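The values are calculated or read from the model by the stated rules, or taken from the named source; none is laboratory data. Just so it is clear, the model here is predicted, and its values are computed rather than measured. Virtual Cβ from ideal backbone geometry, glycine too; neighbours counted across all protein chains shown. Note: areas computed on protein heavy atoms with side chains; ligands, DNA, RNA excluded. Shrake-Rupley method; radii C 1.70, N 1.55, O 1.52, S 1.80 Å.
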Amino acid sequence: MSVEFNIEGLDEVSRKLQAIGSQKVAKRIARKAGRQAMNLVRDAARLNSKAIDDPDTKEKIHKNITVQGGKSRNANEIIIRVGIKGGASQNQHSVSTAGLSGGDTRHWRYIEFPTSRTTATPFMRPALANNIQQVTNKFVQVFDAELDKELARP
């Protein structure tokens, strides 16, 4: 999936980041803003999955949807992911799903992506696609507020 957007006012942000001077602080601020922005996607995915969860089973996909930070080889990059605890794998290397609040929901991939025998009912992809503007606005809002707060420190 490809997403394009245009952010204006980066000159002011660049000046603020240079005034802070610390790359660690800038990454901390970006990570906080990214997590809060992706929480909107998580909430939308939970809402979408509640509509397709089978009420007759104990497995609840919406309870296993979470936001996580990731690692990157690029020191100037942050990664924030929305995913489902327990993943989608089911083999000898699979992680135990016994402690998950939503139960064993590894079947989510068959709902999200079509197979030769099933049709797709996506709930994760539309969560981002339908909220990209709100996510971008939330990131910019939190990032700017945190930058101003950091600059106001003595």
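Quick notes on this structure:
- Take the conditions (1) closer than 19 Å to ALA127 by Cα; (2) modelled with pLDDT of 85 or more; (3) in contact with a helix residue (DSSP H, G or I) (Cβ under 7 Å, 6 or more places away or on another chain); THR105 misses just one of them, which is (2).
- Within the range 128-154, restricting attention to residues that are of a type in the set (S, T, N, Q) and loosely packed, with under 14 Cβ neighbours inside 10 Å, the residue that is farthest from ILE84 (Cα to Cα) is GLN141.
- Residue that is most open to solvent (accessible area, probe 1.4 Å) [pool: residues in the range 4-42 that are in contact with a Ser or Thr (Cβ under 9 Å, 6 or more places away or on another chain) and at pLDDT below 85]: PHE5
- Restricting attention to the range 43-69, the residues that are surrounded by fewer than 18 Cβ atoms within 10 Å (Cβ to Cβ) and in a helix (DSSP H, G or I) add up to 5.
- Filter pass, ARG125 being among the basic types (Lys, Arg) and open to solvent by 80 Å² or more (accessible area, probe 1.4 Å): yes
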